[in-house]
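First comes the structure, then the notes that go with it.
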Amino acid sequence: MSDLPSAHPARRTAPTAGELRNDVWLAGGLLVAAVISTALGSVAGIYGADANAGMQWALLYSVGLTAPLAVRRRFPEVVVVVIAVVFFLGVTFRIPDLYVSNVAVFIAMYTVGAWVDDRRRAMWVRTGVIVGMFVWLLITMFQAAIDPSDDALSKAGLFSPFAAMLLIQLLVNAGFFGGAYYMGDRAYAAALSRAALEERTHELEREREVTAAQAVALDRVRIARELHDVVAHHVSAMGVQAGAARAVLERDPDAARTALLGVESSARSALVELRQLLETLRTSGGDAEAAGSTVHLSGLADLVAHATDNGLPTTLTVVGDPVDLPELVQVNVYRVAQEALTNARRHGGPDAAADVRLRYAPEAVELEVVNTGRLVAAPMRPGLGLVGMRERAAASGGALEAAPRARGGFLVRLRVPLLVAAGVGVGRPGAAAAPAAGVGAGSVDA
């Protein structure tokens, strides 16, 4: 699996239908609140005699402040500019509302930071509104400071009550706009992180589906390979023995009986191996392919003898000191030898013979199966046997060479590096993994 992405997506996800409906409800609620706030402010006399308390102006002001919020996620920059202008006009013409107008401006500023993907444009729009607000605030402060008729607060002294009020207004506005700016940016970053996490979750789900499909495919390939190796080996031997029995049935009943006994023995062996295969397939755990298997390199001598008994004279030679190979490697090397001998019996002709060599080199274990016989053309498309041998070689971390010989017959050579096999669990030297060198004739089916 890949690591989590280091960068967030370039854009946040679009607003959902539910979020857009919530904006409409928010605008409607704030409209009612703005009308009530303006009416109460008029009754309370917030601006005194200078207040513009006409109900038509209060309603118009409330609509101008809140209606744009219904589309705040669709057009955030336009909304913040419209609400800021309405706010300027409302304060300039003394509309008696002190609360909903501030809430509307805060939400509009926050929305620009939280929903505009062009971060440079979002910064400039908010900066422009903030600068405009503070310029307007400074102008109104200057006008109030030089207005001789405004004696609500004393202006005497360096730090008069009037100066304290101006400072409070500056600090409150700085915190107000700074908070809207910061919270918008944080909301945008959180949305990107959430989108990245959702995207990664979807990727993991897709990877899990692909992995599950690959696991099923690998299991099917493994089952097909095992069935081919087990069934083809014994059925091929049964075919040879049955043919021999038919050929001598009338003139040599004893030989025919012996051949039929061989057919019976091969059938029993096939049933035993099929039962073992089914038990293996039911085995849970990592090394299911080798779990429960009874075929090992120590059985090469019996394999060679079986090949000889079924019409393919075969010899076995072991070179070097055996090492204790992992179960998986032993099973795969054995099966490659079995399939190579089976193919030799099927395609080599009546006079074919085979030689099996198992070499334990310092850096690798090698299996070589060479058979004589008729010339074999290179197949246009590899059969299931060759495909299975290559898959077993790859599963053991080795390489397989399989090709016709120029003077007739076929060569199969498997090489598994011991360092690679160690990753599969190679053991220590010294265990008898195969019979002693020089074991004589035998034969193989596939």
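The values are calculated or read from the model by the stated rules, or taken from the named source; none is laboratory data. These numbers were taken from a predicted model, which means no experiment stands behind them. Positions of Cβ are generated from backbone atoms using ideal geometry, with glycine treated the same way; all protein chains shown enter the neighbour counts.
Take segment 88-113 and flag every residue that is closer than 14 Å to residue 31 by Cα, of a type outside the set (A, V, I, L, M) and crowded, with 16+ Cβ neighbours inside 10 Å.
97, 101
Filter segment 27-56 down to the residues that are surrounded by fewer than 17 Cβ atoms within 10 Å (Cβ to Cβ) and either in a helix (DSSP H, G or I) or modelled with pLDDT of 75 or more (or both) and list them by number.
Within segment 27-56, 28, 29, 32, 36, 40, 43, 44, 48, 49, 50, 55, 56 qualify.
Can you tell which of 342, 317 is of a type outside the set (Lys, Arg), at pLDDT 75 or above and touching a His at 6+ places or on another chain (Cβ under 6 Å)?
Only one candidate passes the filter, namely 342.
When you check residue 364 against the structure, is it farther than 22 Å from residue 269 by Cα, buried (at least 24 other Cβ atoms within 10 Å of the Cβ) and among the small types (Gly, Ala, Ser), yes or no?
No.
Scan segment 217-228 and report the pairs whose first residue is not assigned by TED's automatic domain parsing to the domain that holds residue 332 and whose second residue is at pLDDT 70 or above, with Cβ atoms within less than 6 Å and a gap of 6+ or a chain change.
Going by the 6 Å Cβ cut-off, the qualifying pairs are 225/388; 228/388.
Give the residue, chosen from 151, 117, that is at pLDDT below 80 and outside any helix (DSSP H, G or I).
When all the criteria are applied, what remains is 151.
Of everything in segment 307-361, what is within 15 Å of residue 376 (Cα to Cα) and of a type in the set (D, E, K, R)? Give them in sequence order.
Passing the criteria: 345, 346, 351.
Name the residue, out of 103, 82, 78, 91, that is more than 23 Å from residue 15 (Cβ to Cβ), part of a helix (DSSP H, G or I) and assigned by TED's automatic domain parsing to the domain that holds residue 172.
Being more than 23 Å from residue 15 (Cβ to Cβ), part of a helix (DSSP H, G or I) and assigned by TED's automatic domain parsing to the domain that holds residue 172 holds for just one of 103, 82, 78, 91, which is 91.
Please go through segment 392-407 and give me each residue that is more than 21 Å from residue 352 (Cβ to Cβ) and either of a type in the set (Gly, Ala, Ser) or surrounded by fewer than 19 Cβ atoms within 10 Å (Cβ to Cβ) (or both), ordered by number.
Within segment 392-407, 393, 394, 395, 396, 397, 398, 399 meet the criteria.
Being touching an Asp or Glu at 6+ places or on another chain (Cβ under 9 Å) and small (Gly, Ala, Ser) is the filter; apply it to segment 63-113 and report the residue that is nearest to residue 176 (Cα to Cα).
Among those that are touching an Asp or Glu at 6+ places or on another chain (Cβ under 9 Å) and small (Gly, Ala, Ser), it is 113.
So residue 243 fits all but one of (1) modelled with pLDDT of 75 or more; (2) in contact with a strand residue (DSSP E or B) (Cβ under 9 Å, 6 or more places away or on another chain); what number is the exception?
(2)
Residue 346: outside any helix (DSSP H, G or I) and among the charged types (D, E, K, R), yes or no?
no
Identify, from the list 325, 375, the residue that is in a loop (DSSP other than H, G, I, E, B), more than 25 Å from residue 235 (Cα to Cα) and among the hydrophobic types (A, V, I, L, M, F, W, C).
One residue alone meets the criteria, 325.
Restricting to segment 172-192, name every residue that is loosely packed, with under 15 Cβ neighbours inside 10 Å and at pLDDT 80 or above.
Passing the criteria: 174, 175, 178, 179, 182, 186, 189, 190.
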